[in-house]
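What follows is a single structure, written as structure tokens, with notes after it.
The values are calculated or read from the model by the stated rules, or taken from the named source; none is laboratory data. Everything numeric in this text was worked out from a predicted model, so none of it was measured. Cβ sites come from the backbone with ideal geometry, for glycine too, and all protein chains shown count toward neighbours.
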Amino acid sequence: MTLYQKLKASGNPQAVAQITISLLESHSVKETAKILGVTPRWVYKLRERFRLSNGDISACIKKRGPKFRMPNRTPEHIENLVVTLAKETNLGSKRLALFIKNTFNIQLSPFTIRNIRRRYGIHCRKHKTLTGSRRFATDFSAFEPLQLWQIDAKHIADQSALPPEAYASIFKNKLPPFQFTAIDIKTRLRFIAYADSLDFKNGLTFMLLVAAWLRAFGVKHQLFFQTDNGAEFGGSAGSRKRKLIQKLIFDHWNVSLLNIPERNKETNCFVERSHRTDDEEFYALNLKKVTSRTSFLKMAQNWILYFNYRRPHFGKNMNGMTPVEALKFYRCFYHPAIGSMPVVVLDQLSNYTSLLFDISSLPWDNLPRNKKLLNETMAHYRHSIFSTSL
């Protein structure tokens, strides 16, 4: 690194001019240029500026860039507004452009906001890096709105995705560690619930809750619930438990259960991506404000209302619409309250599932191979005893 480069990196904008003028007092222009590691032409230019400014060092180094602002450049007060909102809201360029339009009635292109952010070095703060996994394409035309639902369970205490204070708040306030999520792939309408244990009873209760909520609002077409192969949803497609809940429960609700291929989470891409949205826009910002389980459930309810009614989405075919606006776009005129399903703790609600289905009486496990032989032997034994007593 040359002396000139070290002076530029020192943080003092006048250091180069000061050292150059000092060296010129005892050295020639060429010698000064060699010491600094610059061309003699640059030394001549600094000496001339020093002479014309009557010895003013600050006039020797001029600010880089154009002398006048570009005629089409965004006004300075709007630039300052964009910079302030970008730091406060952590929104991307598209969402920030829509937010400014709706709030301040100022029309800005997302590309203009992108350029302003680049000039000021403002980037969206991310708490979780990309995994690099491949994307999964969905044929949207094959399904109606509110027909294909992706359902998944998430462990919210994820130390790699949350700030330390948000992560610690989960254990400090004894919050439910598991979140169940259902999202419609076409409108992005979304429901969530929480649980203290990741078991089959809670998973079945959540699917029943989503199905009952949709049927109550007049959604009459066939529903598809796509889940992973976790035990909380009955296991793989070939498991006995999965077949029983399909035949004895969901067939009566006109609901078909689908399984994703094992170790292919990208097949459930919509619900998996929504988990990252939860981490970045809800948990990372609000968990540190939680004081109790009750306050947490209220925040979660407000978050899901914001997600369904106010948050713009820019995925495929969304174009900045909210999920409820997307329902209107597809001419699905359900009651507006369809997106406000209460956020509940499934461990408490699952106690009332027996009012609909006697789950404990269903033969979940496979019968032993000698079960039939054992029953026949006991029947013969009882018949023999009864005949002898007579």
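Is it true that SER256 is at pLDDT 90 or above, over 20 Å from SER350 (Cα atoms) and among the small types (Gly, Ala, Ser)? Quick ask: steps written out before the conclusion?
Numbers: at pLDDT 90 or above: yes; over 20 Å from SER350 (Cα atoms): yes; among the small types (Gly, Ala, Ser): yes.
Yes; evaluated as a whole, the condition is true for this residue.
Among THR39, THR84, which is the only one that is within 23 Å of ALA284 (Cβ to Cβ) and exposed (fewer than 15 other Cβ atoms within 10 Å of the Cβ)? So that I can check it myself, show each step before the final result.
Values: THR39 fails: within 23 Å of ALA284 (Cβ to Cβ).
Being within 23 Å of ALA284 (Cβ to Cβ) and exposed (fewer than 15 other Cβ atoms within 10 Å of the Cβ) holds for just one of THR39, THR84, which is THR84.
Just need a number here: residues in region 1-41 that are touching a Phe, Trp or Tyr at 6+ places or on another chain (Cβ under 8 Å) and assigned to a helix (DSSP H, G or I).
Counting residues in region 1-41 that are touching a Phe, Trp or Tyr at 6+ places or on another chain (Cβ under 8 Å) and assigned to a helix (DSSP H, G or I) gives 6.
Of the residues that make up region 315-323, is at least one surrounded by fewer than 17 Cβ atoms within 10 Å (Cβ to Cβ) and touching a His at 6+ places or on another chain (Cβ under 9 Å)? Let's see the steps before the verdict.
In the first step, residues of region 315-323 are kept if they are surrounded by fewer than 17 Cβ atoms within 10 Å (Cβ to Cβ); the result is 315-317, 319-320.
If we keep only those that are touching a His at 6+ places or on another chain (Cβ under 9 Å) as well, we get 319-320.
Among the residues of region 315-323, at least one is surrounded by fewer than 17 Cβ atoms within 10 Å (Cβ to Cβ) and touching a His at 6+ places or on another chain (Cβ under 9 Å), which makes the answer yes.
Please return the ranges of helices (runs of 4 or more DSSP H) entirely within region 274-390 where 1 or more residues are touching a Leu at 6+ places or on another chain (Cβ under 8 Å) and at pLDDT 85 or above.
On the way: elements: 293-309, 323-329, 346-349, 371-389.
In region 274-390, 293-309, 323-329, 346-349 are the helices (runs of 4 or more DSSP H) which contain 1 or more residues that are touching a Leu at 6+ places or on another chain (Cβ under 8 Å) and at pLDDT 85 or above.
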